[in-house]
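The values are calculated or read from the model by the stated rules, or taken from the named source; none is laboratory data. Computed from a predicted structure; not experimentally measured. Cβ: placed from backbone, ideal geometry, glycine included. Neighbour counts: every protein chain shown. Protein only, heavy atoms only, side chains kept; ligands, DNA and RNA dropped before computing areas. Shrake-Rupley method; radii C 1.70, N 1.55, O 1.52, S 1.80 Å.
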Amino acid sequence: QVQLVETGGGLVQTGGSLRLSCAASGRYAMGWFRRAPGKEREFVAAISWSGRSTDYADSVKGRFTISRDNAKNTVHLQMHSLKPEDTAVYYCAADGDASYSGSRQSKYDYWGQGTQVTVSS
C-alpha cells in the first residue's frame, strides 16, 4: 500500500504561484488531478518514473510544470499565472506502470487525500 500526502495548497490571488508537493516512495509514475466545485475530477499533469515523459492538460500547458526528485521520493507541481478557474482540490496519484505519464484516471492505483487550492479574483 502506498500512502500519498499532498502539501502546498492554499489561497493565492489571480496571477500568483503555488507549488504542490506529493511524497510517495516506490517506482511509480505520478499524476496530478483536480476537482473543482460541482465538476468531475480532471487530469492536470503526469510524469513517468524516470521523469523523461510528461503530459499536461491543455488548460495548464505553459503555466504548470510537473517534476520529480526520486532521491527524495517527491513529486512537485509548480503552478504559475493562476486563475480563478484553477480553484479546486488537487490530488496526486501513483501508477504502478512506471513508464506511464498519461491522463487515464483508471490507470492510477493510489490516490492522496487532496489539498485545496483557491485562487481569488
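Look at Leu82 and say whether it is closer than 12 Å to Ile47 by Cβ, of a type in the set (A, V, I, L, M, F, W, C) and in contact with a Gly (Cβ under 9 Å, 6 or more places away or on another chain). Lay out the reasoning, then the answer.
On the way: closer than 12 Å to Ile47 by Cβ: no; of a type in the set (A, V, I, L, M, F, W, C): yes; in contact with a Gly (Cβ under 9 Å, 6 or more places away or on another chain): yes.
No: the conditions fail for Leu82.
Okay, residues lined up against (1) free of Cβ contacts under 8 Å to residues at least 40 places away in the same chain; (2) touching a Gly at 6+ places or on another chain (Cβ under 9 Å):
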| residue | (1), (2) |
| --- | --- |
| Lys61 | yes, no |
| Arg68 | yes, yes |
| Tyr91 | no, yes |
| Gly102 | no, yes |
| Ser106 | yes, no |
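Every residue, every condition in (1) polar (S, T, N, Q); (2) open to solvent by 60 Å² or more (accessible area, probe 1.4 Å); (3) modelled with pLDDT of 95 or more, yes or no:
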residue: Gly62; (1), (2), (3): no, yes, yes
residue: Ser67; (1), (2), (3): yes, no, yes
residue: Tyr100; (1), (2), (3): no, no, no
residue: Thr118; (1), (2), (3): yes, no, yes
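For the stretch 39-60, name all the residues that are β-branched (Val, Ile, Thr) and surrounded by 20 or more Cβ atoms within 10 Å (Cβ to Cβ). Explain how you work it out, then say what you get.
At the first step, the residues of the stretch 39-60 found to be β-branched (Val, Ile, Thr) are 44, 47, 54, 60.
Listed by number, the residues that qualify are Val44, Ile47, Val60.
Can you tell me how many residues within the stretch 1-15 are over 14 Å from the mean Cα position of the chain (by Cα) and either surrounded by 15 or more Cβ atoms within 10 Å (Cβ to Cβ) or among the hydrophobic types (A, V, I, L, M, F, W, C) (or both)? Steps first, please.
First pass over the stretch 1-15, keeping only residues over 14 Å from the mean Cα position of the chain (by Cα): 1-3, 10-15.
Filter once more, keeping what is either surrounded by 15 or more Cβ atoms within 10 Å (Cβ to Cβ) or among the hydrophobic types (A, V, I, L, M, F, W, C) (or both): 2, 11-12.
The total comes to 3.
Looking only at the stretch 23-59, which residues are free of Cβ contacts under 8 Å to residues at least 60 places away in the same chain and among the hydrophobic types (A, V, I, L, M, F, W, C)? Spell out how you get there, then give the answer.
Filtering the stretch 23-59 for residues free of Cβ contacts under 8 Å to residues at least 60 places away in the same chain gives 23, 25, 36-40, 42, 44-59.
Those that are free of Cβ contacts under 8 Å to residues at least 60 places away in the same chain and among the hydrophobic types (A, V, I, L, M, F, W, C): Ala23, Ala36, Val44, Ala45, Ala46, Ile47, Trp49, Ala57.
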